[in-house]
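Presented below is the structure to which this report refers.
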Amino acid sequence: MLLASLIIVVAAYLLGSLPSGYLLVRIFRHQDIRLAGSGNIGATNVLRSNGKGLAAATFLLDMLKGSSAVALGVLIGGLLAPSVASDNMKALAALVAVLGHIFPVWLDFHGGKGVATGFGVFLVAAPLAALAAISVFAVVLAFSRYVSLASILGSASFPFFACFLGHGHRPPFFIVVQVAVALLLIVKHHQNIGRLIAGTESRLGANKTA
């Protein structure tokens, strides 16, 4: 189990830490996304600084790297630790992949806020809850045009959906990771929360940083 866990941690971290937004903007615009807008490498800042195409690609790649990390975790766990519950391996890979995105070694541990990657990991680990949470995100965004608010409420709703939509027994570690990732994504939006309270947060389509 120790070997399997170590390999999962390394693989999930390296996958999660791939800076999709940074690489796409560097390759196609020859710019450093960290010097534009809010300085964040996520899809929202890419959208504001470089358009819909690169933003969509950033979201998709961030989501896919999360999903791939969890799928790889299940595979490694099945091969090296078949007696361990696969949900624990999913949870370990999910947590580390999100941490990798937020703290990527390639960018001096300054990454994105983890929403797309968080959606990706749980799209594999808890698909119904992930789809329900992304629906909350979409509805809130449609009505408010605040990406940050949609991200916060979508993240906050996920553990509740996971509780009610999950099937079968879930190991305690799996449940703890679901809550921990949701809280981590919310905490990463602490500056946005301050601006939302102050009424200075930028809406989608505005030219201000967010």
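The values are calculated or read from the model by the stated rules, or taken from the named source; none is laboratory data. Quick caveat: nothing in here was measured; it's all calculated off a predicted structure. Positions of Cβ are backbone-derived with ideal geometry, glycine not excepted, and every protein chain shown enters the neighbour counts.
Being within 14 Å of Gly111 (Cα to Cα) and either hydroxyl-bearing (Ser, Thr, Tyr) or in contact with a strand residue (DSSP E or B) (Cβ under 6 Å, 6 or more places away or on another chain) (or both) holds for only one residue in Ser68, Ser20, Ser86, and it is Ser20. Kindly indicate whether any position in the range 125-144 is over 18 Å from the mean Cα position of the chain (by Cα) and under 21 Å from Leu2 (Cα atoms). There is no residue in the range 125-144 that is over 18 Å from the mean Cα position of the chain (by Cα) and under 21 Å from Leu2 (Cα atoms).
Among the residues of the range 111-136, those that are closer than 19 Å to Phe164 by Cα and either outside any helix (DSSP H, G or I) or without any contact (Cβ under 8 Å) to a residue 24 or more places away in the chain (or both) comprise Ala126, Pro127, Leu131, Ile134, Ser135, Val136. Reported count of residues in the range 142-168, each being crowded, with 19+ Cβ neighbours inside 10 Å, at pLDDT 95 or above, among the small types (Gly, Ala, Ser) and more than 22 Å from Val46 (Cα to Cα), is 1.
Residues in the range 73-116 that are within 16 Å of Ile186 (Cβ to Cβ), surrounded by fewer than 24 Cβ atoms within 10 Å (Cβ to Cβ) and β-branched (Val, Ile, Thr): Ile102 alone. His169 meets the conditions (1) touching a residue at least 12 places away in the same chain (Cβ under 8 Å); (2) farther than 18 Å from Ser38 by Cβ in every case but one. The failed one is (1). If you scan the range 121-135, which residues turn out to be crowded, with 20+ Cβ neighbours inside 10 Å and in contact with a Leu (Cβ under 6 Å, 6 or more places away or on another chain)? Across the range 121-135, the qualifying residues are Ala129, Ala130. Here the condition is being within 18 Å of Phe173 (Cα to Cα), outside any helix (DSSP H, G or I) and either small (Gly, Ala, Ser) or in contact (Cβ under 8 Å) with a residue 24 or more places away in the chain (or both); of Ser83, Ser38, it holds for Ser83 alone. Scanning the range 163-210 for residues that are of a type in the set (A, V, I, L, M, F, W, C) and within 16 Å of the chain's Cα centre (by Cα) gives Val177, Val179, Ala180, Val181, Ala182, Leu183, Leu184, Leu185, Ile186, Val187. Checked against (1) over 19 Å from Leu107 (Cα atoms); (2) assigned to a loop (DSSP other than H, G, I, E, B), Leu60 passes all but condition (2). In the range 18-71, of all residues being of a type in the set (D, E, K, R) and surrounded by fewer than 21 Cβ atoms within 10 Å (Cβ to Cβ), the one that is farthest from the chain's Cα centre (by Cα) corresponds to Arg29. You will find that of Val139, Val181, the residue that is assigned to a helix (DSSP H, G or I), surrounded by fewer than 17 Cβ atoms within 10 Å (Cβ to Cβ) and not charged (D, E, K, R) is Val139 and no other. The listed residues are Arg203, Arg195, and the only one of them that is within 27 Å of Val46 (Cα to Cα) and either without any contact (Cβ under 8 Å) to a residue 24 or more places away in the chain or not in a loop (DSSP other than H, G, I, E, B) (or both) turns out to be Arg195.
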